[in-house]
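Visitor: What follows is a single structure, and I will ask about it in a moment.
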Amino acid sequence: MIPELEYAIYVWSSYGIFAVVVAWQVLQPLLYRRRLMAELREEQALQSGEYDDPNP
Amino acid sequence: MTPTRKKRLAVVGLLVLGVSTATAIALVALNDNVRFSIGPSEIVAGDYPEGRQLRLGGLVAAGSVSRDPASLAVTFQVTDCIHEIPVTFNGILPDLFREGQGVIAHGSLAPDGVFHAHEVLARHDETYMPPEVERAMALAGSGLVCGEPLEDHLATVRGETR
Amino acid sequence: MIWKTLKVGFHRLGSPPSFYRFSTLVSPWLWAGFALCTAIGVYYALYVVPPDYQQSDSFRILYVHVPSAWQAMAGYVVMSILAAIALVWRIRMTEIMAMMCAPIGAAFTAICLATGSIWGRPMWGTWWEWDARLTSMLVLLFIYLGIMGLYAAFEDRRKGARVACILVLVGLVNIPIIHFSVEWWTTLHQGKTIRIFGESSMHYSMMPPLIWMTIAVKLMFGAALLDRSRNELLTQDRRKGWVQKKLIQEELK
């Protein structure tokens, strides 16, 4: 299944770095957007007076 | 296009042009320092003082490698197909090190004309091919040799494999 | 007629709500394309392609190293075009997009430098040498980081973008230096393998993964650029009416 490569550690660590950086490029905007949307919703709720304060 | 935009476009164009010109001048002035290595012919011809740290680049001459069986010491000749410089080195060589391989030796020239390297790096060319293709080429006697222009060599590679 | 449609389409993309809709619609498809191309590319790169005659399996690093390097440079060119448009026409969407190119380009530059270093250790015998190709690529990373830093340093995002756009155009000079470094100077790094004009020095049996991975990272660049630009737009326009309306719409769904 896993190919037997010479210099395997070098090859796999290179592909690993690629995978990690790509994953970060996918996740960073997703997480940022989630946080931002939550913030915006909260602000909107505050303005419209429908905000239930979690710690009153 | 409005006059303001035309003006801005001109400014942007001048900016790129100005920076490019300045960089080009700087690079031409620095040209000698940007070079990573010098060749054997330049060492033979040039006045590089003994003891100065240099990077010597070239091919490992065929049949010139001799290893000391008791230690890691190795001597070989670095050639550019015109001149040869003897090199001594004591350490671990990169995996790609072999006769005919491009290498860069970092060290200094001794008074006796021997180059004492404290680091040897291997260069590899920009050709990538499967081992079978390379073997077929070797059988056909078309491996790259001194004197053969690289373009001819590559043409042979392609002719062999198509 | 076609020109007019294009122009109208371009202007429409310049409007924040349209851009928001467009990016929300297109980005998942780009990510999907990226995933597919990468899967094919990596499969070919690790399982199908024969080892190199000289470098054996270590040359497989090429399939992540080279596409990343190309994208780091192509991304810079895209960013420069956007920056030039932003400076001349002051279109806000191009300002945002130019600025959002920087972190993605920096990521690709980092991949290129890291994998190159890992490749250099077994083959050249060194992690790093200050040769012209390696150094100019490191400079590219610093330029990308500089652009990001400059943009972040301004309270006024639009002002920050305009100042950073000037740095983008100044840094453009580094791109031809990277490209020609292996021809202009003697370097440790080898010369060009792949040529658009003329024949490449790579055996045809080794080409497919390179093509797949190159397409993959291009799609990824596009996808990440749309995602990031959409986020940045939302952050800047958080008090504006269209965002508030959008929020209410999404709440109702």
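Rule-based calculations on the coordinates, nothing more; no lab input. Note that the structure is predicted; figures quoted are calculated from it, not measured. Heads up, the Cβs are rebuilt from the backbone with ideal geometry, glycines too, and the neighbour counts pull from every protein chain shown.
Visitor: If we count every other residue with Cβ under 13 angstrom of A:TYR7's Cβ, Lys/Arg +1 and Asp/Glu -1, where does the sum land? Intermediate results must be reported in sequence, preceding the final value.
Guide: Details: positive: C:ARG60, C:ARG121; negative: A:GLU4, A:GLU6, B:ASP95, C:ASP52, C:ASP57.
After counting each charged neighbour, the total is -3.
Visitor: Just tell me how shielded C:240-248 is by partners: mean number of partner chain Cβ atoms within 10 Å of each residue's Cβ, no decimals.
Guide: Details: counts 0, 0, 0, 2, 4, 0, 1, 6, 2.
Across C:240-248, the average partner-chain Cβ count within 10 Å equals 2.
Visitor: I've got another one for you. Using modelled backbone amide H atoms (1.01 Å from N, in-plane), which distant-in-sequence or interchain residues come within less than 5 Å of C:GLN54's amide H?
Guide: Under 5 Å from the amide H of C:GLN54 lie the amide H atoms of B:MET129, each far enough along the sequence or on another chain.
Visitor: So how strong a dipole does the protein assembly as shown carry about its Cα centre when Lys and Arg Cβ are +1 and Asp and Glu Cβ are -1, to the nearest 20 debye?
Guide: On the way: 41 positive and 41 negative charges, 664 e Å.
My answer is approximately 3200 debye.
Visitor: Using all Cα-Cα distances in the protein assembly as shown, what percent lands in each 10 angstrom bin from 0 up to the longest?
Guide: Per 10 Å bin, starting at 0, the Cα pair percentages come out as 4, 17, 24, 22, 16, 10, 5, 2, 0.
Visitor: Then there is this: Using θ = phi - 60° and the Karplus form 6.51 cos²θ - 1.76 cosθ + 1.60, what ³J(HN,Hα) does each residue of the range C:209-215 get, whole Hz, x for Gly and Pro?
Guide: With coefficients 6.51, -1.76 and 1.60, one gets x, 5, 5, 4, 5, 5, 4 Hz.
Visitor: Could you tell me the largest-minus-smallest coordinate of the C-alpha atoms of the range C:91-168 on each of the three principal axes, in descending order and whole angstroms?
Guide: 48, 18, 17
Visitor: Give me the lysines in straight-line cross-link reach of B:LYS6: C-alpha distance below 23 Å, same-chain residues under 8 apart excluded.
Guide: Within the straight-line cut-off, B:LYS6 pairs with C:LYS4, C:LYS7, C:LYS159.
Visitor: Moving to a separate point now. Rank by packing, highest mean first: peptides C:159-166, B:14-21, with packing defined as the count of other Cβ atoms within 10 Å averaged across residues. Write down the numbers at each step before the final one.
Guide: Numbers: C:159-166: 19.4, B:14-21: 13.0.
So the order, starting with the most tightly packed, is C:159-166, B:14-21.
Visitor: Taking +1 at the Cβ of each Lys and Arg and -1 at the Cβ of each Asp and Glu, which of C:ILE85, C:SER15, C:CYS101 sits farthest along the dipole of the range C:1-106 towards its positive end, judged by Cα position relative to the Cα centre?
Guide: Final value for the positive-end residue is C:SER15.
Visitor: Can you compute log10 of I(q)/I(0) for the range B:40-123 with the Debye formula, treating each Cα as one identical point scatterer, at q = 0.13, 0.15, 0.22, 0.23 Å⁻¹?
Guide: So the normalised log intensities work out to -0.35, -0.46, -1.02, -1.11.
Visitor: Between B:THR23 and C:THR24, how many nm apart are label points set 7 Å from Cα along the C-beta direction?
Guide: Result for the modelled spin labels: 4.0 nm.
Visitor: Go through the range C:199-204 residue by residue and turn each phi into a ³J(HN,Hα) via Karplus (6.51, -1.76, 1.60, θ = phi - 60°); whole Hz please, and just put x for glycine and proline.
Guide: Ordered by residue, 3J(HN,Hα) equals 7, 8, 8, 10, 4, 4 Hz.
Visitor: In whole Hz and in residue order, list the ³J(HN,Hα) couplings for the range C:229-244 that follow from phi through the Karplus curve 6.51 cos²θ - 1.76 cosθ + 1.60, θ = phi - 60°; x for Gly and Pro.
Guide: Karplus-based 3J(HN,Hα) across the range C:229-244 equals 5, 4, 4, 5, 4, 4, 5, 5, 9, 4, 8, 7, x, 5, 5, 4 Hz.
Visitor: Within a 10 angstrom radius of each residue's Cβ in C:186-197, how many Cβ atoms of other chains show up on average? Whole number is fine.
Guide: Working: counts 10, 7, 9, 4, 6, 4, 1, 4, 2, 1, 0, 0.
Across C:186-197, the average partner-chain Cβ count within 10 Å equals 4.
Visitor: Taking the Cα centre of each part, how many Å lie between the range C:188-253 and the range B:48-83?
Guide: Centre-to-centre distance over Cα atoms comes out at 47 Å.
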